[in-house]
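A quick write-up on the structure given underneath.
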Amino acid sequence: MEVAIIGMGLHRFGRTESLSGLQQGAVAVREALADAGLTWEQMQFAYGGSQDAGNADSLVNELGLTGLQFTNVWNGCATGGSSLHAAYTAIKSGEYDMGVVVGFDKHPRGAFNPRPRDWGLGDWYGETGLMLTTQFFAMKIQRYMHDHGITEDALVRVAEKAFQNGSLNPLAWRTRALSYEEIATSPMVSNPLRKYMFCNPGEGGAALILCNADKARQFTRKPLFLKAAAVRTRHYGSFEVFSPSQAMEVADAPTVTASRAAFELSGLGPEDVDVLQLQDTDSGTEIIHMAENGFCEHGEQEKLLREGVTRIDGRLPINTDGGCLANGEPVGASGLRQVYEVCLQLRGEAGSHQVPGKPAVGYTHVYGAPGVSGVNIVTT
Amino acid sequence: MTHQVPIQEGLFSWPAEQPQLLGSRCKNCGETAFPAQRECRKCSGSDTEVVTLGDHGTLWTWTIQSFMPKTPYNSDETEETFRPYGVGYVEMPGGVRVESRLLENQPDELEIGMPMQLVIEPFRKDEAGNEIVIFAFRRADSENA
Ligand SMILES: [Zn+2]
């Protein structure tokens, strides 16, 4: 059974004082239903998740008590990817014809503050100040730069591109383009990463309507197809966040294995992809994820960024909506925003941030603690 | 003299003249872990033993924590007295890379590959007035490198 995406909705990421996280999720679902020309009563199932904004299945209070199967999903930053994967398999198996995937969140200001026990770690790890995702991302790119000859120039260029793309996207949180100098001289947060190289926790909601592809044309003239959804966790030897120690031996990151699985499922390769979204919680991770997802060799990123290859008009347009850097990261919604953006691009409806040349294959990738990656491939 | 208490039993040998980091080694596959754990994350076995990991190593990667973390961070510092601290992974002769606070907190003091020495440092006072101590690393001097 093939899986189609026939509707999508987004509540703008950023800060919306007047709405709860749950309400922002409901806005996204209503928009996705309207986009598909369907009603909530027609939905047979829903998968959804949020980190800080309540149980996703409470959405039925906003949308209607129709008795549908609603499963809450929580998988860190990969929550959206995992919800989408669950919905994908529900339709692929033939059990259901149509359903909703939704993610939303509303985080307090400032960095995340996870509790060690939730992650199987001793209290000492958090008490002594070692349990910060910002530290991990800084140390990962520090070592990566050392091993692969990446310089600070590449870190600045990723952020410059993100805010440039954000300035072209009316739904972005950060809509002001930042200059190279402004980024390069912003305060150092965790060496080598500066203030404008990190995304911030935020708010927002995103939703998609999935449908059995054989029936999709009853509802829309332009269905998109979810060719692959894959989620993988870390292997022994991969260097992941929230690790009091790491093994000496080196294994592929979960991104590498999720990416490979998704390409295998879809029968496509990196060379076929026209537009992509890679998890960019900071500049460094976008650089690492370019290679881990198979789009370049390790170390090649420096040159590709300098040549503008990853800009909207480049050969490999990455994070065309401004990514996490310009949209912030409401954890539950973030992975679905990526799919929303790729769908917008494939439909040719992205307006001023539209990738030229009628893109036909889109790719999305999320990565989250403590080492989980989700990859989706969408085609026209 | 104030009584010194480790923040968590089993992370390092204490009290000791020359404290060592403690970890575990799997009797089946030889995998080393820090902190010590009963199960093996490599071979899924459950026969491990506590071993010493040594008191020196080399710096594998690093960063500097420039702002005071939110809870669960629990030191005696305030926003006013907070001092940035280094964080790194130190490659131990025991065969594992251990994440640790570093005493150095300036980028020009830190370099991948530099030799590091284990130190036990006072961290905060508890309600009973005991001094809670933690492990950290600092650049090794030439005589103890
Ligand atoms: Zn073992």
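Some points to look at:
- Cβ crowding within 10 Å ranks A:Phe104, A:Phe239, B:Phe137 as A:Phe239, B:Phe137, A:Phe104, fewest other Cβ atoms first.
- Label-point gap, in nm, between A:Met248 and A:Thr66 - each point 7 angstrom along Cα→Cβ: 5.8
- All other residues whose Cβ lies under 14 angstrom from that of A:Ala86 are scored, Lys and Arg at +1 and Asp and Glu at -1, for a net of -1.
- Candidates A:Met145, A:Met131, A:Met188, ranked by Gaussian network fluctuation over chain A, Cα under 10 Å, top entry: A:Met188
- Pairs from the list A:Lys106/A:Lys215; A:Lys195/B:Lys42; A:Lys161/A:Lys227; A:Lys161/A:Lys358; A:Lys106/A:Lys140; A:Lys303/A:Lys358 with a Cα-Cα gap above 32 Å: A:Lys106/A:Lys215; A:Lys195/B:Lys42.
- No Cys partner within the rule (Cβ under 4.7 Å), chain A: A:Cys77, A:Cys211, A:Cys296, A:Cys343
- Placing unit charges on the Cβ atoms of the charged side chains and taking the dipole of region B:56-139 about its Cα centre, the candidate lying farthest along the positive direction among B:Met92, B:Asn74, B:Val133 is B:Met92.
- Note on B:56-68: average number of Cβ atoms from other chains within 10 Å of each residue's Cβ is 6.
- Rounded if a/c under 1.5, otherwise prolate or oblate - region B:15-92, Cα gyration tensor axes: prolate
- Relative contact order for chain A, counting Cα pairs under 8 Å that sit 6 or more residues apart, in percent: 26
- Among A:Cys296, A:Cys211, A:Cys77, the residue with the largest mean-square fluctuation in a Gaussian network model of chain A, with springs joining Cα atoms closer than 10 Å, is A:Cys296.
- The angle between the Cα long axis of helix A:331-347 and the main principal axis of chain A comes to about 70°, on a 0 to 90 degree scale.
- Among A:Leu33, A:Leu121, A:Leu193, residue whose mean-square fluctuation peaks in a GNM of chain A (springs only between Cα atoms under 10 Å): A:Leu121
- Charge context of A:Trp119, other residues only, Cβ under 13 angstrom, K/R +1, D/E -1: 0
- Student exercise, the protein assembly as shown dipole from Lys, Arg, Asp, Glu Cβ charges, in Debye to nearest 20: 1400
- Descending by average beta-carbon neighbour count within 10 Å, the peptides A:241-250, B:126-135 line up as A:241-250, B:126-135, the highest first.
- In terms of other Cβ atoms within 10 Å, A:Tyr88, A:Tyr236, A:Tyr367 run from fewest to most in the order A:Tyr236, A:Tyr88, A:Tyr367.
- Each Cα pair under 8 Å and six or more residues apart adds its sequence gap; the mean of these over the residue count of region B:56-139 is a relative contact order of 32 percent.
- Taking label points 7 Å from Cα along the Cα-to-Cβ direction, B:Glu127 and A:Arg221 give a separation of 7.1 nm.
- Candidates per trypsin sites (Lys or Arg not before Pro) in region A:271-365, loop by DSSP, up to 14 other Cβ within 10 Å: A:Arg315
- Between amide H atoms placed 1.01 Å from N, distances below 5 Å from B:Ala140 occur with B:Met116, B:Gln117, all of them 5 or more places distant or on a separate chain.
- Neighbours of A:Gly64, meaning other residues whose beta-carbon lies under 13 angstrom from its beta-carbon, give a summed charge of -2 when Lys and Arg score +1 and Asp and Glu score -1.
- Amide proton proximity set for B:Trp60, modelled H, under 5 Å, gap of 5+: B:Tyr89, B:Val90, B:Glu91, B:Gly113
- Placing R0 at 22 angstrom, the Cβ-Cβ distance between A:Asp153 and A:Asp313 gives a FRET efficiency of 0.60 after rounding to 0.05.
- Close amide-amide hydrogen proximity is noted between A:Gly205 and A:His11, each under 5 Å apart and 5 or more residues distant or on a separate chain (H modeled in the peptide plane; Pro and chain starts excluded).
- Normalised contact order of region A:231-367, rounded percent, pairs of Cα under 8 Å and 6 or more residues apart: 25
- Rounded to whole Hz, the Karplus (6.51, -1.76, 1.60) HN-Hα couplings of region A:86-93, x for glycine and proline: 5, 5, 4, 6, 4, 7, 4, 6
- Shown in residue order for region B:106-112 are the 3J(HN,Hα) couplings computed by the Karplus curve 6.51 cos²θ - 1.76 cosθ + 1.60 at θ = phi - 60°: 10, x, 6, 8, 10, 8, 4 Hz (x for Gly and Pro).
- When A:Ile6, A:Ile287, A:Ile312 are arranged by Cβ crowding within 10 Å, least crowded first, meaning fewest neighbours, the order is A:Ile312, A:Ile6, A:Ile287.
- Averaged over the residues of peptide A:325-332, the number of Cβ atoms from other protein chains lying within 10 Å of each residue's Cβ is 0.
- FRET efficiency for the pair A:Arg109 and B:Thr52, taken as 1/(1 + (r/R0)^6) with r the Cβ-Cβ distance and R0 = 41 Å, rounds to 0.40.
We did not get these values from a lab; they are worked out from the coordinates using the rules stated. Computed from a prediction, not measured in an experiment: that's the story for all the values here. Positions of Cβ are generated from backbone atoms using ideal geometry, with glycine treated the same way; all protein chains shown enter the neighbour counts.
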